[in-house]
1. Among residues belonging to the stretch 16-64 that are among the aliphatic types (A, V, I, L, M) and outside any loop (DSSP other than H, G, I, E, B), point out the one that is most open to solvent (accessible area, probe 1.4 Å).
2. Which of the residues belonging to the stretch 65-79 are part of a loop (DSSP other than H, G, I, E, B) and either open to solvent by 70 Å² or more (accessible area, probe 1.4 Å) or of a type in the set (A, V, I, L, M) (or both)?
3. Scan the stretch 80-97 and tell me whether some residue there is assigned to a strand (DSSP E or B), out of contact with any Lys or Arg (no Cβ under 8 Å at 6 or more places or on another chain) and either closer than 15 Å to ARG24 by Cα or of a type outside the set (Gly, Ala, Ser) (or both).
4. Could you grab the pairs with beta carbons closer than 9 Å, sequence gap of 6+ or different chains, first residue in the stretch 107-133 and within 15 Å of PRO18 (Cβ to Cβ) and acidic (Asp, Glu), second one open to solvent by 20 Å² or more (accessible area, probe 1.4 Å) and part of a loop (DSSP other than H, G, I, E, B)?
5. With the requirement that a residue be hydroxyl-bearing (Ser, Thr, Tyr) and touching a residue at least 40 places away in the same chain (Cβ under 8 Å), what does the stretch 31-85 give you?
6. Is the stretch 3-11 home to any residue that is within 22 Å of GLY144 (Cβ to Cβ) and either aromatic (Phe, Trp, Tyr) or crowded, with 20+ Cβ neighbours inside 10 Å (or both)?
7. With the checklist (1) over 17 Å from the mean Cα position of the chain (by Cα); (2) hydroxyl-bearing (Ser, Thr, Tyr); (3) modelled with pLDDT of 95 or more in hand, flag the one item SER34 doesn't pass.
Amino acid sequence: MTEFAGWDPEAAGVLRLPSGRLVRGRGLREPMPSGHPPRFGVYLLGSAPPEFGWESRWVRWADFWLPADPSYAKSVLLEALRRADRDRVEIACRGGRGRTGTALACLAVLDGVPPAEAVAYVREHYHRGAVETPWQRRFVARFGGVTPSPQAR
């Protein structure tokens, strides 16, 4: 894997997964960070996001809750993980902590972090306040058992 198209590993919000893949998490209420835009984005929102100018997927996910369709969310996160090998991938919600942290922890599980350790991994390497609710923590702990939806495979 090369980082030629990836994020600056030292940039704010960039999480290095165990495989070396880089993914940026951010809050949409904050200004867009300087530098290159993403090439692929996953947006975790209760209603459809605007057009961003790059390829994206919307996962319906209300603030402080869980994805409306967990199998679709897993499929989209699998796509994001695959694309992070060659593209700048961004995961974002409104604030960049709860839903984004939960999704990043799920990506960490997909990348080999044991589910019981994924929240701590993301809190250490992304943001100490990531994954805000007890049900988000349980979702991460059980994430390995969610069957991906054929919609985004």
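The values are calculated or read from the model by the stated rules, or taken from the named source; none is laboratory data. Here the structure is a predicted model, which means the values were calculated and not measured. Cβ: placed from backbone, ideal geometry, glycine included. Neighbour counts: every protein chain shown. To get the accessible areas, we keep the full protein, side chains included, count just its heavy atoms, and leave off ligands, DNA and RNA. Shrake-Rupley method; radii C 1.70, N 1.55, O 1.52, S 1.80 Å.
1. The first filter runs over the stretch 16-64 and keeps only residues among the aliphatic types (A, V, I, L, M), leaving 17, 22-23, 28, 32, 42, 44-45, 48, 59, 62.
Of the ones still in play, those that are also outside any loop (DSSP other than H, G, I, E, B) are 22-23, 42, 44-45, 59.
Values: LEU22: 9, VAL23: 1, VAL42: 0, LEU44: 2, LEU45: 25, VAL59: 4 Å².
Looking at residues that are among the aliphatic types (A, V, I, L, M) and outside any loop (DSSP other than H, G, I, E, B), I get LEU45.
2. TRP65, LEU66, ALA68 - these are the residues of the stretch 65-79 that are part of a loop (DSSP other than H, G, I, E, B) and either open to solvent by 70 Å² or more (accessible area, probe 1.4 Å) or of a type in the set (A, V, I, L, M) (or both).
3. No, the stretch 80-97 contains no residue that is assigned to a strand (DSSP E or B), out of contact with any Lys or Arg (no Cβ under 8 Å at 6 or more places or on another chain) and either closer than 15 Å to ARG24 by Cα or of a type outside the set (Gly, Ala, Ser) (or both).
4. Within 9 Å, the pairs are ASP111/PRO18; ASP111/SER19; ASP111/ARG21.
5. TYR43, SER71, TYR72, SER75
6. No, the stretch 3-11 contains no residue that is within 22 Å of GLY144 (Cβ to Cβ) and either aromatic (Phe, Trp, Tyr) or crowded, with 20+ Cβ neighbours inside 10 Å (or both).
7. (3)
Residue-by-condition table, conditions (1) among the charged types (D, E, K, R); (2) closer than 23 Å to GLU132 by Cβ:
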residue	(1), (2)
GLU10	yes, no
GLY13	no, yes
LEU22	no, no
GLU30	yes, yes
ARG39	yes, no
TYR43	no, yes
PRO49	no, yes
VAL59	no, yes
